[in-house]
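Reviewing the structure listed below.
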Amino acid sequence: MRYSHLTSLIFSAALAASVSAQSVKTGIDAWQRSDYATAVAVWRPLAEKGDADAQFNLGQAYRLGRGVSINLAAAQTWFERAAEKGHLDAQTTLGLMLFQNGNRTGGLRWIKLAAEKSEPRAMLVYGTALFNGDGVGQDTTLGYAYVARAAAQGLMAARDTLTQLDGMLSPDERKKGQALAAARAKAAPPPPGAKSPAKASVKAVKPAAPPAARVVQAAPKSPAPATGNWRIQLGAFSQRSSAEALFRKVTGKLSGRQAYYLPAGTVTRLQVGPFESKAAASAACQAVGQACFPVAAK
């Protein structure tokens, strides 16, 4: 009798888990049909019960304004709940959102965790921060290694950044960075995407192109001169010529903006602006394809 009761409990638990997973996928199916209201309605009760995939997806809905009104505070709350459970996409998205909004300390906390799990976007941003010494102690070798690993996973922005770093380091420094990248890659968890088919079937939704990034692309066509008290900072460099080279590369995506080369001890910080608001500067960081963050002009 006890054995029968135990079997019944195990079967009920397994059935409940199956229903939860299927419900998350039901929401994903609705989202992919552009039925965002239904997707949100499916995910909300699951998110409130602690399902990390549903929490992340609900955060994306609030971030993008699909099925609900845009609410970045609500998006951050749901991302945080999922990130605390170890959800990799939530850790990455939350970290990038905080970092791009100027909260480098909070953003890098999550970006570092995601980078240690081999998430390519996180490795690019954290590696660049390490290389520049922005928000973390400077470590050019480790920074190069993270960017190299992101590039090896096919992230185009990482490949572009790696090309820049190759031009700034000596052959011996590059060799050390490559060796460290190989060692870290061997010891690290499998990169995102190396999951079983069963897990992939309930993978969290990751919209590829946020609306803000598409809006910014049209901004350079405006003939009006740029004004405002905000800039974006693209890095700190031991040689001013390196900062100038980076500005030449990105200036086509920042038409109407100018470069500011600011001495800071032994390095030169590259800032570009002006922008009319912090939001506009954050959007420019998304469009430029280079790790950066908004700063108020002094």
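Just so it is clear, none of the values below were taken in a lab; they were calculated from the coordinates. Fair warning: this is a prediction, and the values are worked out from it, not measured in the lab. All Cβ positions, even for glycine, are placed from backbone atoms using ideal geometry, and neighbour counts span all protein chains on display.
Rounded to a whole number of µm²/s, how large is the Stokes-Einstein D of segment 222-274 at 20 °C and 1.002 mPa s, given Rh as the Kirkwood radius over C-alpha pairs?
Numbers: Rh = 11.4 Å.
The calculation lands on 188 µm²/s.
Please report how far the C-alpha centroid of segment 110-148 lies from that of segment 26-96, rounded to the nearest whole angstrom.
Going from one Cα centre to the other spans 26 Å.
Please say if segment 117-191 is rounded, prolate or oblate, where rounded means a/c under 1.5 for a ≥ b ≥ c the square roots of the C-alpha gyration tensor eigenvalues, and otherwise the choice is prolate for a/b larger than b/c and oblate otherwise?
rounded
So, with +1 on the Cβ of K and R and -1 on the Cβ of D and E, and no other charges, what is the size of the charge dipole of segment 45-153 about its Cα centre, to the nearest 20 debye?
The calculation lands at about 100 debye.
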